[in-house]
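Have a look at the structure below before the remarks.
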Amino acid sequence: MTDKLNIEIDGRVCEAAPGEMIIAVADREGISIPRFCYHKKLSIAANCRMCLVEAEQGGRPFPKPVPACATPVGDGLKVWTRSPKAIEAQRGTMEFLLINHPLDCPICDQGGECELQDVAMGYGGDVSRFAERKRVVKDEDLGPLIATEMTRCIHCTRCVRFGAEVAGVRELGATGRGEEMRIGTFIAQTVEHELSGNVIDLCPVGALTSKPYRFTARPWELTMHDSIAPHDGLGSNIRLHVRRNQVMRIHPRDNEAVNETWISDRDRFSYAGLYSEDRLTKPMLKQDGSWREVEWTDALTLVAERLKAADAADTGWLMAPNATLEELYLAARVARGLGCANIDHRLRQQDFRGDAADPLLPWLGVTASELERQQAILLIGSDIRHEQPLLAHRIRKAALAGAQVVCVNPIKLELNHPATQLMGSPAQMLSDLAAIAKVLGARGSSAANDLIGAAEPTDAQTAAAAALREAGGQGGGVVLLGALAIAHPDFTLVKGLAHAIAAAAECRIGYLPAAANSLGAYLAGAHPDRLPGAKPSETKGGAVAEILDGTSKTLVLWGFEPDRDLIDTAAGMEAIGKADFVVACSAFRSAALDEMADVLLPISAFAETSGTFVNANGTWQRFQGAVAPPGEARPGWKVLRVLGNLLDLEGFEYRDGAEVQAELAALCTDSPLDNAPRGDFDASPASASGSGLMRVGTIPIYAADPLVRRSTPLQQMPMPRCELAVYLHPQQAAADSLGPGDIVYAQQGHQGARLRVILDDHVPMGCARISGALAGSESLGPLVGPVSLERVKNP
Amino acid sequence: MVESQNTQNQNSVCFRTMHLDEAVRHTLESYRGIGGYAQWERILRERPDPNDLIEEMKISNLRGRGGAGFPTGLKWSFMPRNAPGQKYIVCNSDEGEPGTCKDRDILRYNPHQLIEGMAIAGYCIGATAGYNYIRGEFYEPIARFEGALEEAYAAGLIGKDIQGSGIDFDCYSHMGAGAYICGEETALLESIEGKKGQPRFKPPFPAQYGLFGKPTTINNTESLASVPVILEKGGKWFLEQGRPNNGGLKLFSVSGHVNNPNNFEVPMGTPFRALLEMSGGVKDGKALKAVIPGGSSVPVVPGDLMMDVDMDYDSIAKAGSMLGSGAVIVIAEGTCMVKVLYNLSHFYMHESCGQCTPCREGTGWLARVLHRILDGEGRLEDLGLLDSVAGRIGGRTICALGDAAAMPVQSFLKHYRHEFAYMIEHGRSMMAA
Amino acid sequence: MSFRNLPLAIDHERDKSTLFTPEIRAAIDKHIAKYPSEWRQSAVMPALTLVQDANGGWLTQALMDDIAVYLDMPPMSVYEVATFYGMYDLEPQGRHKVCVCNSISCMLQGSEELIEHVEHKYGVKPGETTADGRFTLKEVECLGACRDAPAVLLDKTYHEKLSPDALDKLIDDLE
């Protein structure tokens, strides 16, 4: 079937593969055939009938015009896309499409970029022959992201097929029959899927449009700027649409190796957070407990003085893992230039006992496109759809193609594909992994071997091991570690068992990056044990846990909010509060920063600075700033350059960000994408100790970082199972004499929060699911760690 | 009175139980009594080469009785019979083409012959399972068919390792729920798969990718019920009942303005004139105005022209129409053709599945224009518009419903344009004048 | 539009043994058994019919959702089917359904008179239910009983060659 054959389109000889559809060949050749229902990423529907063409095969003309999207090529096929017969057929379809279309282009958001409008310009008539009453269709409220004007719908069903085939959730459907057919949810509910915004791009008319963007601009007023999405480890390729220095909306850019043609709703709508009212626009200084605006020079001079004067051993640098590569690199240079190796980006990790054994550059282990071709995937500790929406889509593709997906998680996920889900408490996760390892005959560190020895594999664990071994033997197995593994109190052991399983089953092992630039942070040296190029450092600094153990006197907080973005917000804030001098470099102000910092430096947010993200694959993706930062905010790399100058550090004479990147790139030429451990992941289990409840804290999809948390449309989205509440298994609640709606005081350490109880059998026994990064969760302790619940008698 | 060449063989294929007592003609005992299941049991015993059976079917020249007229034997030969994996035979009893009511009587009066035909077809194409899709309104026929299935299972005529032959054949009924489009074979497959009945585009054809994604052959009820008799009496016998390229006997449902509307199983090529006689002539002694000779989807033929036509594929084609499903709708002088066409157009608007643009939008447009003309609001340009819109539907859609909606419009305007023009001009029917 | 893949099977995580009645479940199970095991959704049409019959002739959203649960289907797929086929009703119905065929053969033989007669005598338009809830009048497309025109489907029984008087008698006999 690999033989190529030749067909002729409009007199041009084109090479084609057997089974290919005419339209695919034409698209490759740049021959345009009008279409509405066809989309290269969706199944063929052949229903719009816009792509009708004239054709003959072997000298015998087809009796009727054929749809180019559903007619496979064959030897001797000749196609005419612009012959009188083809044009008449296309005109006919266009007339039918327009008779019930409102032609309200002047007030339609799609105007100027409407496929129907474009094609109608070419094929439509000037005068309508339709004298009957036009169809009017009632609109539906699909929620805060998607606006509807269903009278404009031309029933191409792209959105419906997207739901069934890509999202895996049939939120939109085509109910009714004939001209009564309607696209919608039928029961008027919010469309919640994390990829749902893609239907806005798919809709060829103005039936489904972006609600936040609606009526704000016309496409011809916009300038386009290529960029990279900042919210997950994939680094989706995006295009920013800008008007008068404001990001108006975001569209995906095609990149098969990364995001294909899709982006997540988080990447699409987070830009709204840029325009929140709490942007930090001036350098500020706290004096005698009150804030005042200062000049950059004054602020930076002060910071330089204090950093220089500080004891490097008591200084710590905490970097957001979605800072740019340039920011991370320069920060690491400044810190190390001052003799301080206490720099880290792993803000939501608590167990650092495995640092010495960690791979130098923990990466995905496979490329994103390879992920969808795996035959078995062991997903350990990941709320994958919330963490990495499009990598979840790749895993779904693998599952639909027959891959065995096994999850070892402290919650049950809502997956839209077949999977074996082993749900258990954090301690049970270790047992589950040990049991799988045992079936495989795997060996690891002595602590791991103790667990393996004690395991008694169940049928499900045995089956999981068999699937991994079979796939691994064929080079198609991967073990993936996600955010809940990273947050695990025994991350070291989880890694040890995962590596043991991968080795025994001949599977690859991969780390799902916590954020957009986690790999970049390793490469930049924003890690206590890594020098630029992810090279191991002789002098080992303190990791996050050490920096926030309450002894640091001087702290630099870069691009995150300590009350939301740390694994243990309560302890972290307490430690920061004890420091003598805290510099927060942030795009936003917040009450917590106001309280804890001494200096606030306004840095550019996403879209306002150039930079580079290194994605899960290890792919470097550089982008330019598209809009100027507000007020006196400045790109972070420039701030650090000036700081370097003020500190008289050498080599801080960069002319532009590209030069920073080039310097680091030169240091990274031999940075290996190799997840082999450098030692034993040995540590005695911490999560098994104690018999009390364990908190399981996931980060809700729309709470992941400061920008997302400020996007109004995303904040209006429902996030089932991620509200600020305690989710308990019904039996667990019964055992603790708690019922739904009860108010409890959830205590971790010496602090806690009042929360409502919600019953949920997707939480294992022995656990209380309480999301992190939400307003109200900051007084809680580790995302994964002991918690006690006490009913509040008179709430 | 015109004699057809073979009237003695009337009701000798699908209707061969018709002479029996109405109360019992559908039972296994009755069917056994006329030699039923003999062909199937011969196959079970002798396990003949399916290719020989298919060859016999080709000789018979049986053409698909659902309306498309595709040769049944040839269709069976497309199946990848020896390829591994499940294959299916599906019977199309979703009878709903206006004017057509023959399959209902096969289901009611001769269900076992259909089961035998399905089993034989299954054997020929390598299918060990069959589904009969019966329209949901057919409560009584469904009960009859399911009753016959129970009898056949109980008698060991179908099931697993039937009579120790090593041959399996399971047969099931599947009820529709009111959608004409499910008579289109791929819409029918979608419907069995628990979806909306929306036709699939082709290729792939059902013989490659059919029910549940498996190779599938779909035949009409009458086609399948004809199979046991063809094998019993030979393909040549069947062919010779009719004419070359128009073999066999055919069920004609005669309805409309006749004195004795009924189903007649008569040889292909029977003169229309004879069929009209059998139906007792035009009602109330009126003159014949027009005939729709093959179900509502085929072009109308003026009465005087029709009187000289024989009822077979080729003769009717010469008269500018099609044999279709064999539903002969007789229209008497004095009938308003605008109203008749509106009735047809309303039907297609109502039954369009909605997926293809030309059909979804065009059928409603046609019906609305016709309704407006009936309301006395017609415009002169409407006639050209109707022609043009119909022309833009026909041949432009996934399935043939678009053609079916277009053909009546074009033929009515061709033959009765003056009636439409009159109504547009005067605001009332020419027939009322 | 046809999804060329296996059904999008959904585990609704609800106890199927609490749905409908044991009799209805058994009846649906008989249909499920006709199809390959991964094609439970093939039973959606008979399931809708059974559930509708047991619910006074119409379907509620809750019932459709239950069918989705029972057959591991996305609810949307059930709504699509229930709104596509003419024999499913999503509004409350009368105790009986009087379905008058309006297609060509029946029209030629007087179905319009039948409909007009019922409209006038019982004060209902097609699609409406009599004030006493006795029956819902429906105009339906070809019933496939053309030789016996005009035909009426009254609940589950065909009545043929009907005159207005004969139809009256049938309606009079309805409870």
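The values are calculated or read from the model by the stated rules, or taken from the named source; none is laboratory data. A quick note: this is a predicted structure, and the numbers were derived from the prediction, not measured. So basically every Cβ, Gly included, is an ideal-geometry build from the backbone, and we count neighbours across all protein chains shown. Heavy atoms of the whole protein, side chains included, go into the accessibility calculation; ligands, DNA and RNA do not. Shrake-Rupley method; radii C 1.70, N 1.55, O 1.52, S 1.80 Å.
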* Asked: Using a Gaussian network model of chain B with C-alpha springs under 10 Å, which one of B:LEU276, B:LEU114, B:LEU188 is most mobile by mean-square fluctuation?
  -> B:LEU276
* Taking the Cα atoms only, what angle lies between the long axis of helix A:657-667 and the longest principal axis of chain A, rounded to 10 degrees? -> 70 degrees
* Asked: Chain pair B, C: how much accessible area is buried, both chains summed, with a 1.4 Å probe, in Å² to 100?
  -> 4500 Å²
* Check each residue of the stretch A:65-81 and keep those whose accessible area, probe 1.4 Å, is at least 10 Å² smaller with all protein chains in place than in the chain alone; give them in order of residue number. => A:PRO65, A:ALA70, A:PRO72
* What is the magnitude of the charge dipole of chain A about its Cα centre, with +1 placed on the Cβ of each Lys and Arg, -1 on the Cβ of each Asp and Glu, and no other charges, expressed in debye to the nearest 20? -> 1740 debye
* **Computed P(r) (all Cα pairs; the protein assembly as shown; 20 Å bins; percent)** => 9, 32, 31, 19, 8, 1, 0
* **Accessible area (Å², per residue) of chain A, counting only protein heavy atoms and a probe of 1.4 Å** => 35 Å²
* **Charge dipole (debye, nearest 20) of the protein assembly as shown; +1 at Cβ of Lys and Arg, -1 at Cβ of Asp and Glu** => 1680 debye
* How much area per residue is accessible in the stretch C:35-129 when the probe is 1.4 Å and only protein heavy atoms are counted (Å²)? -> 33 Å²
* By the scheme Lys and Arg +1, Asp and Glu -1, what is the net charge of all other residues having a beta-carbon under 12 Å from that of A:PRO321? -> -3
* To do: Quick one: angle between helix C:111-122 and the longest Cα principal axis of chain C, in degrees between 0 and 90, rounded to 10, please.
  => 90 degrees
* Structure fact -> Interface residues of the stretch B:393-430, defined as losing at least 30 Å² of accessible area versus the chain alone with a 1.4 Å probe, are B:GLY395, B:ARG396, B:ILE398
* Asked: Among residues other than A:ALA515 whose Cβ falls under 15 Å from its Cβ, what is the net charge (Lys/Arg +1, Asp/Glu -1)?
  -> -4
* **Solvent exposure, largest accessible area first (probe 1.4 Å, DNA, RNA and ligands not counted), of A:GLU659, A:GLU387** => A:GLU659, A:GLU387
* Structure fact -> the stretch B:100-162: relative contact order from alpha carbon pairs under 8 Å, six or more residues apart, as a whole percent, is 40 percent
* Asked: Once both labels are modelled 7 Å past Cα along the beta-carbon direction, what's the A:VAL127-A:ASP278 spacing in nm?
  -> 6.3 nm
* Asked: Just going by the charge dipole of the stretch C:16-84, with Lys and Arg at +1 and Asp and Glu at -1 on Cβ, which of C:ILE32, C:GLN52, C:THR18 is farthest out on the positive end?
  -> C:ILE32
* Over chain B, with every protein chain in place, what whole percent of the accessible area is carbon and sulfur at 1.4 Å, could you tell me? => 51 percent
* Structure fact -> Once the dipole of the protein assembly as shown is set up from charges on Cβ (+1 Lys and Arg, -1 Asp and Glu), the residue from the list A:PRO677, A:GLY510, B:ILE54 lying farthest towards its positive end is B:ILE54
* To do: Starting with the highest mean, order A:448-455, A:51-58, A:268-275 by the number of other Cβ atoms within 10 Å, averaged over the residues of each peptide.
  => A:268-275, A:51-58, A:448-455
* **For chain B: relative contact order, % (alpha-carbon pairs under 8 angstrom, 6 or more apart)** => 16 percent
* Can you list the residues of the stretch B:134-181 whose accessible area drops by at least 20 Å² going from the chain on its own to the full set of protein chains, with a 1.4 Å probe? -> B:ARG135, B:GLU137, B:PHE138, B:TYR139, B:TYR172, B:SER173, B:HIS174, B:MET175, B:ALA177, B:GLY178, B:ALA179
* **FRET efficiency, 1/(1 + (r/R0)^6) with R0 22 Å, evaluated for C:LYS30 and B:ARG32 via beta carbons** => 0.20
* **Gaussian network model of chain C, Cα within-10 Å springs - most flexible of C:ARG25, C:ARG40, C:ARG147** => C:ARG147
* To do: Can you bin chain A into rounded, prolate or oblate? Criterion: square roots of the alpha carbon gyration tensor eigenvalues sorted a ≥ b ≥ c, rounded for a/c under 1.5, prolate for a/b above b/c, oblate for the rest.
  => prolate
* Structure fact -> Buried accessible area between A and B, both sides, 1.4 Å probe, in Å² rounded to 100, is 2900 Å²
* Structure fact -> Placing each pseudo-label 7 Å from Cα in the direction of the beta carbon, C:ALA54 and B:ASP387 end up separated by a distance in nanometres of 5.8 nm
* Asked: Within chain B, which DSSP H helices have Cα atoms that stretch 18 Å or more along the helix axis and a mean Kyte-Doolittle hydropathy of at least 0.0?
  -> B:111-125, B:221-233, B:337-351
* To do: Quote the charge dipole size of the stretch A:697-769 about the Cα centre in Debye, to the nearest 20; the model charges only the Cβ of Lys and Arg (+1) and of Asp and Glu (-1).
  => 260 debye
* Send over a whole-number figure in Å² for the accessible area per residue of chain B, probe 1.4 Å. => 31 Å²
* Give me the lysines in straight-line cross-link reach of B:LYS250: C-alpha distance below 22 Å, same-chain residues under 8 apart excluded. => B:LYS58, B:LYS75, B:LYS102, B:LYS233, B:LYS236, B:LYS318
* Of all accessible surface on the stretch A:643-733 at a 1.4 Å probe, what whole percent is carbon and sulfur? -> 50 percent
* With a 1.4 Å probe and every protein chain kept in, tell me what percent of the accessible surface of the stretch A:365-511 is carbon plus sulfur. => 48 percent
* Go through A:LYS40/A:LYS64; A:LYS138/C:LYS156; A:LYS138/B:LYS214; A:LYS41/A:LYS64 and tell me which ones have a Cα-Cα distance over 32 Å in this structure. => A:LYS138/C:LYS156; A:LYS138/B:LYS214
* **A:ARG244-B:ALA432 pseudo-label distance in nm [points 7 Å out on the Cα-to-Cβ vector]** => 6.3 nm
* **Chains C and A, summed buried accessible surface - 1.4 Å probe, Å², nearest 100** => 1600 Å²
